[in-house]
Structures are given as structure tokens and as C-alpha cells.
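A short reminder: the numbers here are calculations on the coordinates, not readings from a lab. All figures in this text were calculated on a predicted structure; none of them were measured in a lab. Every residue, glycine among them, receives a Cβ derived from its backbone with ideal geometry; neighbour counts consider all protein chains shown.
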Amino acid sequence: MAPTDTDKPLIDLLRARGQRVTPQRLVINRLVRERARHVTAEEVHAALARDLPGTSAPTVYATLDLLADLGLVRRIDAGTGATLYDARTEPHSHSACRRCGAVEDLDATTDLSPVEDAAQRAGFQPQRVEVVVSGLCRRCARARA
Ligand SMILES: [Zn+2]
Ligand SMILES: [Zn+2]
């Protein structure tokens with residue numbers, strides 16, 4: 001498999017950590033990036049059936065978690081039931097529709113460090129702090145009206 005520009009940051013990070021560059025890792029990284037939206041592990045698994053059939057669900061989960069640990073994707077828990085993976089790693093917020101589960105980017109950042117500080121004072125060890133606006137997306141709001 002010839003490396004692409006998308007592969008390079010992943011290959012560099014894996015090599016720096018002494019981890020193996022596998023076809024699964026490269027293809028899953030490409031898939032998440034190509035979709036350029038929030039995907040579940042199940043969606044990635046389904047998409048792999050074409051490119052790398054036979055890849056197990058646990059491999060997909062482990063690889064997505066590895067990509068998150070490497071800082072190449074962001075995990076989002078928008079309260080829709082499934083963890084989502086976001087190829088956009090710079091700070092941004094999300095809206096989550098509680099009817100259809102659609103999760104969209106909101107280009108707004110806010111200083112959440114006071115929230116993080118409060119959590120720390122309460123003896124909590126925060127790993128991430130994020131804003132999720134819960135409600136109805138345009139389509140669902142219209143369908144209900
Ligand atoms: Zn909706
Ligand atoms: Zn996002």
C-alpha cells in the first residue's frame with residue numbers, strides 16, 4: 001500500500017512510538033478523514049467491509065482509540081448513545097439533535113478552564129471538557145412543527 005499525504009502524520013507518530021504501521025491503521029485513518037464528519041465505530045466498520053474485509057469490530061475500536069490517543073482524531077460523547085470520532089481536532093463545539101442523533105460542528109469556542117478548575121477542586125481528574133448544545137436540528141424541528 002503506497003503511503004499518501006494523509007498517512008504521513010500517522011506513520012510518523014507510530015514510528016516515533018515504536019508501533020507498527022498496519023494496513024488497518026492506515027485505512028481507518030483515511031476513512032475517518034475522507035468522511036470529514038463525525039463517525040461511529042460501526043460506520044467505520046461497515047465502510048471497511050469494502051476496503052479491508054474481515055477486519056474485526058474490536059480492531060476497529062482499538063484503532064480508533066489509538067488514533068485518538070495519538071491526537072489525530074477526537075472522541076466526542078454528544079449524548080446520542082454512541083461515541084463519535086471527529087477528524088477535526090482543533091477546539092470547536094457541537095450540536096446534537098435528540099430526535100435523529102445528528103451531530104454538527106459549531107464554530108464557537110469558549111473558555112472552559114473555570115469548569116475544568118472547578119472539577120479539579122472537587123477532586124475530579126478531568127480528561128476533556130466540551131460543550132454540546134442539545135435540542136432539535138432544523139429538519140426535526142420542521143417535521144414537528
Ligand atoms: Zn434531527
Ligand atoms: Zn466536530
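For region 112-145, what are the residues that are of a type in the set (G, A, S) and either in a strand (DSSP E or B) or surrounded by fewer than 11 Cβ atoms within 10 Å (Cβ to Cβ) (or both)? Don't jump to the end; show me each part of the working.
To start, the set of residues in region 112-145 that are of a type in the set (G, A, S) comprises 113, 118-119, 122-123, 134-135, 141, 143, 145.
Hits for region 112-145 are S113, A122, G123, S134, G135, A145.
Quickly run through region 66-76 and pick out the residues that are more than 9 Å from the chain's Cα centre (by Cα), at negative phi and not hydrophobic (A, V, I, L, M, F, W, C).
D69
Hand me the list of helices (runs of 4 or more DSSP H) wholly inside region 1-88 holding 1 or more residues that are closer than 25 Å to S134 by Cα.
Working: elements: 7-16, 23-35, 41-51, 57-69.
Qualifying helices (runs of 4 or more DSSP H): 23-35, 41-51, 57-69.
Can you tell me which residue in region 93-111 is farthest from the chain's Cα centre (by Cα), limited to those that are crowded, with 16+ Cβ neighbours inside 10 Å and free of Cβ contacts under 8 Å to residues at least 60 places away in the same chain? Don't jump to the end; show me each part of the working.
As a first pass, look at region 93-111 and keep what is crowded, with 16+ Cβ neighbours inside 10 Å: 93-97, 101-103.
When the remaining residues are screened for being free of Cβ contacts under 8 Å to residues at least 60 places away in the same chain, the result is 93-97, 101-102.
Working: S93: 13, H94: 12, S95: 14, A96: 14, C97: 17, G101: 15, A102: 14 Å.
Here the residue is C97.
Here is a check on your reading of the model: is V44 under 30 Å from E104 (Cβ atoms) and touching a strand residue (DSSP E or B) at 6+ places or on another chain (Cβ under 6 Å)?
Taking the combined requirement at face value, the residue does not satisfy it.
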